[in-house]
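Following: one structure in structure tokens, then a few remarks.
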Amino acid sequence: MVTCSSSNGREPDSVDGVKSVERLLEEKRRAELSARIVSGEFTVEKTGYPSQLKNGLSKLGVPREIVDFLFSWADAHDGSPKIPEAKGAIRAIQSEAFFIPLYELYLTYGGIYRLTFGPKSFLIVSDPSIAKHILRDNSKAYSKGILAEILEFVMGKGLIPADGEIWRVRRRAIVPALHQKYVAAMINLFGEATERLCQKLDAAASDGEDVEMESLFSRLTLDIIGKALFNYDFDSLTNDTGIIEAVYTVLREAEDRSVAPIPVWEIPIWKDISPRQRKVATALKLINTTLDDLIAICKRMVDEEELQFHEEYMNEQDPSVLHFLLASGDDVSSKQLRDDLMTMLIAGHETSAAVLTWTFYLLSTEPSVMSKLQEEADSVLGDRCPTIEDVKKLKYATRVINESLRLYPQPPVLIRRSLEDDRLGDYSITRNEDIFICIWNLHRSPKQWDDADKFKPERLPLDGPNPNETNQNFRYFISLLILCIRYISQDIEVTTDLFGYLSSECQHPWWMSIVQFWCVDKMGLQKFN
């Protein structure tokens, strides 16, 4: 929440007090969960007499360290190491983002462990070498698994859920559309959309209104990606239309399905009797119809134009990715094209909005970082809009984004399923194992990073390469193909925590420009499938 007010950007003390109490209660609850995990409450012991005796001694009050030492011989004589296992309690984590408990469990059980929820079982991987093995060294032995199953209803065979040859073919077709001339054209588009956001924030500041930045950033990125992908103006910053509500309905359904213990939506009759599923079906029909109409309009435009297709082809009136793909003669069905566009729309807009939100939150907690960012922006940009060449000069801004993505990766996990028996580190696994590669844990691991929980954009050299899976040996993932340039004039002061409060210094005119280079979830476009 950003509060635009004339009282030095401060909320009433009563509101600050409520937030302080809520924060303390949250910290207490997390500490209690951590203590329960460390105590071994969720640990699944091995079966058999040694395990029963071990449990009996523990119940009699024998210290855990002594019991573990006495029974270390049992483990030493077991020729096949067993993956550490924890039994999840849904009620213990139902109010948490699911990757928070995964981190606490990682600190206790290590780089690979099994997490069981009733009949469901998942391998949680937080070890860089194992992640590299799954994603690159032996990637053909793994599929997208439950990720594809969850997203099939909305993304079909789009880039994120697609496996194997479909993924490779679609990646080869789409990546050329992101050429330099296209990016240059998009900068103006992004600037125009950002200016509309600035005007909205400026009006809120003048009226002393509260604004929810996460919602505004989501609308901003939806507007940008709609134009960049298929030349459609959602205009969501100023209007609430049916198509916008439909997009968010589908997004919420995808999120809910990802954590649902039972896939009730697969029951045929449920689709007809459930009000929620009927609403989802109606939303999908509206989105698909809109995309089909846009594809048909673009096809007619391509048929009528006289432009010769070439490597950096771009129609000035419609520079969208859709237009490029159709003009290139991409031999693909309208259904596949629609799946690709839907994937990029859903993944690109939601994840990039999250990056913007968390980055501004982090900046609000570190005024010194904010000052350095402002100084670089003033030096490189002054009061003009950025260009492609400016990107190379905004080195500190790039590191701010790198560090924001480290602390709040998008997405926090990658999902895979083993297609055959394999060996992960010291452990053997069988086919059909569902695996969560926990990017959140890798990015915050005290084994991989000094001061892992601190926001330190300077932790990587400014003149060094951008961090990625390869040059950081799979301890860091750039999960978005995204570069955000932010420049904020000295008229803006972000003074307090959460997403910051705009002070009374924020009077018209003030500038905030967020330039996004078309965002696509890198699970779809990165080198490993």
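The values are calculated or read from the model by the stated rules, or taken from the named source; none is laboratory data. This one's a predicted model, so the numbers in the text were calculated from it and none came from an experiment. Cβ placement follows ideal geometry from the backbone for every residue including glycine, while neighbour counts extend to all protein chains displayed. Surface areas here come from the heavy atoms of the whole protein model, side chains and all, with no ligands, DNA or RNA. Shrake-Rupley method; radii C 1.70, N 1.55, O 1.52, S 1.80 Å.
Miscellaneous remarks
- The condition (being over 25 Å from residue 139 (Cα atoms), of a type outside the set (A, V, I, L, M) and open to solvent by 20 Å² or more (accessible area, probe 1.4 Å)) is satisfied by just one residue among 426, 451, 422: 451.
- For region 273-321, the candidate set comprises residues that are polar (S, T, N, Q), open to solvent by 20 Å² or more (accessible area, probe 1.4 Å) and farther than 22 Å from residue 152 by Cβ; within that set, the residue that is modelled with the highest pLDDT is 317.
- Residue check, residue 111 within 23 Å of the chain's Cα centre (by Cα) and closer than 30 Å to residue 222 by Cβ: no
- Scope region 431-448; condition open to solvent by less than 80 Å² (accessible area, probe 1.4 Å) and in contact with an Asp or Glu (Cβ under 7 Å, 6 or more places away or on another chain); matching residues: 444
- All positions within region 370-425 that are of a type in the set (Val, Ile, Thr) and either within 23 Å of the chain's Cα centre (by Cα) or closer than 30 Å to residue 436 by Cα (or both): 391, 398, 400, 401, 413, 415
- Counting only helices (runs of 4 or more DSSP H) wholly contained in region 329-418, the ones carrying 3 or more residues that are over 30 Å from residue 313 (Cβ atoms) and open to solvent by 40 Å² or more (accessible area, probe 1.4 Å) occupy 334-365, 367-380.
- Of everything listed in (1) at pLDDT 85 or above; (2) touching a Leu at 6+ places or on another chain (Cβ under 8 Å); (3) open to solvent by less than 40 Å² (accessible area, probe 1.4 Å), the single unmet condition for residue 237 is (1).
- Complete set of residues in region 267-319 that are of a type in the set (A, V, I, L, M), without any contact (Cβ under 8 Å) to a residue 24 or more places away in the chain and in a loop (DSSP other than H, G, I, E, B): 267, 269, 307
- Scan of region 103-128 for residues that are closer than 29 Å to residue 157 by Cα and not in a strand (DSSP E or B), ordered by number: 119, 126, 128
- Wholly enclosed helices (runs of 4 or more DSSP H) of region 137-255 bearing at least 3 residues within 26 Å of residue 420 (Cα to Cα) and over 22 Å from the mean Cα position of the chain (by Cα): 164-174
- Taking (1) at pLDDT below 85; (2) out of contact with any helix residue (DSSP H, G or I) (no Cβ under 7 Å at 6 or more places or on another chain); (3) closer than 27 Å to residue 286 by Cβ in turn, residue 391 satisfies each apart from (3).
Table: residues versus (1) touching a residue at least 60 places away in the same chain (Cβ under 8 Å); (2) open to solvent by 20 Å² or more (accessible area, probe 1.4 Å); (3) in contact with a strand residue (DSSP E or B) (Cβ under 7 Å, 6 or more places away or on another chain).
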position	(1), (2), (3)
156	yes, no, no
168	yes, yes, no
174	yes, no, no
181	yes, yes, no
185	yes, yes, no
198	yes, no, yes
201	yes, no, yes
204	yes, no, yes
